[in-house]
1. Identify all residues within segment 1-23 that are in contact with a helix residue (DSSP H, G or I) (Cβ under 9 Å, 6 or more places away or on another chain) and either more than 15 Å from residue 84 (Cα to Cα) or free of Cβ contacts under 8 Å to residues at least 60 places away in the same chain (or both); write none if there are none.
2. Output the number of residues of segment 31-75 satisfying the condition of being part of a strand (DSSP E or B), touching a strand residue (DSSP E or B) at 6+ places or on another chain (Cβ under 6 Å) and surrounded by fewer than 13 Cβ atoms within 10 Å (Cβ to Cβ).
3. What is the one condition in (1) modelled with pLDDT of 95 or more; (2) farther than 20 Å from residue 14 by Cβ that residue 74 does not satisfy?
């Protein structure tokens, strides 16, 4: 299965890294890598994901503080966004 990351995902991931880097530059890089590693694993259709809160989406809890929003077809996972779990969504 192919994993396609939308520009908004990259922008959100960068914003997360920038925020964490204010206090912990090394931790910011580690968080970026941890989230993106989890997203890469979505290529495996058996990698856990849950039904999304918005119809037609799924969610990956990439970290206790971060949820990745995605859509999936038979052969493509489209990663839409990564959100802090405290954010009101939808």
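1. 1, 2, 3, 5, 14, 17, 18, 19, 20, 21, 22
2. Of the residues in that region, 1 qualify.
3. Unmet for residue 74, out of (1) modelled with pLDDT of 95 or more; (2) farther than 20 Å from residue 14 by Cβ: (1).
The values are calculated or read from the model by the stated rules, or taken from the named source; none is laboratory data. From a predicted model like this one, the values you see are computed outputs, not experimental measurements. Here Cβ is always computed from backbone atoms with ideal geometry, including for glycine, and neighbour counts include all displayed protein chains.
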